[in-house]
Structure formats: structure tokens, C-alpha cells
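Only one structure is covered here, and it is reproduced in the block below.
The values are calculated or read from the model by the stated rules, or taken from the named source; none is laboratory data. Just so we're clear, the structure is a prediction, and the values are computed from it rather than from any experiment. A quick note on method: Cβ atoms are made from the backbone with ideal geometry, for glycine too, and the neighbour counts reach across all protein chains shown. Just the protein is used for accessible areas: all its heavy atoms, side chains included, with ligands, DNA and RNA removed. Shrake-Rupley method; radii C 1.70, N 1.55, O 1.52, S 1.80 Å.
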Amino acid sequence: MEMKDTVKLLKECDAGTKMAVSSIDEVLEQVKGTEMKQLLQESKNHHEKLGNEIHALLNSHNSEEKDPNPMAKGMSWMKTNMKLSMDNSDATVADLITDGCNMGVKSLNRYLNQYKAADDTSKEICGRLISIEEQLCKDLREYL
């Protein structure tokens, strides 16, 4: 059971890092402020680095990567483009990314509770991903 929960948790974290990178990529070109752009780029780099760690662990468990849910990704894309078409400001970008971070934190905590038998390494990685999301959310408050 531990191996099964470990792989499932890692896959959800993998999908989460990919969703975060995709979401940041969607809005990065819209950002006008240099500091905010740098903040988002740094967070994207943190997500990519953690994603690479997750990929290595999934490979060590002979498991495939997991892409984000296509429906969730599509809905996110629609919401982003609709909101930015009405108000193309850094505050709108901060609002969108904050919403994404909050959804990510909620989902990741649900997965931590769901996959209790996962090994300590995968739980620690999930915790790090939650911390990255929470920190980005906190750092974006000044732009809201």
C-alpha cells in the first residue's frame, strides 16, 4: 500500500507543478511590473526544479508522469483569458495566480490526507510544493 500511495501522491504533485508552470507561462507576458515578473519567474523556476525531482522519483518507482486534468487546464485557460480581456492589469494577474495557488494548496492537502501510507520523501515533497504555493500567494498580496 505504501508504494501505491507514494506513486499516487507523487503523480498528483507532478500534475500540480505542471499546472503551476503552465499557469505562470500563460500570464507572464501580460505582467507589466518588473518585480512582479521576476517573482513569477522565480516561482516558475522553483516549480520546474521540484517537478524535475518528482520526475526522478517517479522514474525510480517505474511510474509515468501525470499531466494536469485537461478539463481543469481548459477552465483555467478560459478564466484567465476572459479576466485579462476585461482588465489587463498586474492586479488581475495577481488575483488569478492567487486563486490558482489556493486551489493547489487545497488539493495538495486533500491528497496528503488521502494517501496517508505514502513514504516520507513524497510527503516532504508535497509539503515543499504547498510551501511554494503559499509563499507565492503571500508575495502576490501587494499586487492585488
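In the range 107-123, of all residues being of a type in the set (K, R) and touching a residue at least 60 places away in the same chain (Cβ under 8 Å), the one that is surrounded by the most Cβ atoms within 10 Å (Cβ to Cβ) corresponds to K123. Is it fair to say T98 is at pLDDT 95 or above and either more than 19 Å from A15 (Cβ to Cβ) or of a type in the set (D, E) (or both)? In short, yes.
Of all residues in the range 20-63, those that are over 13 Å from V93 (Cβ atoms), in contact (Cβ under 8 Å) with a residue 40 or more places away in the chain and either open to solvent by less than 80 Å² (accessible area, probe 1.4 Å) or acidic (D, E) (or both) total 11. Scanning the range 107-130 for residues that are under 11 Å from the mean Cα position of the chain (by Cα) and farther than 19 Å from H55 by Cα yields a count of 1. Helices (runs of 4 or more DSSP H) fully within the range 1-118 that include at least 2 residues being among the charged types (D, E, K, R) and within 15 Å of L140 (Cα to Cα): 34-60, 90-114.
Each residue in the range 128-138 was checked for being open to solvent by less than 70 Å² (accessible area, probe 1.4 Å), over 21 Å from K79 (Cβ atoms) and in contact (Cβ under 8 Å) with a residue 12 or more places away in the chain, and 3 pass.
Scanning the range 67-106 for residues being farther than 20 Å from E29 by Cβ, within 13 Å of the chain's Cα centre (by Cα) and open to solvent by 30 Å² or more (accessible area, probe 1.4 Å) gives a total of 6.
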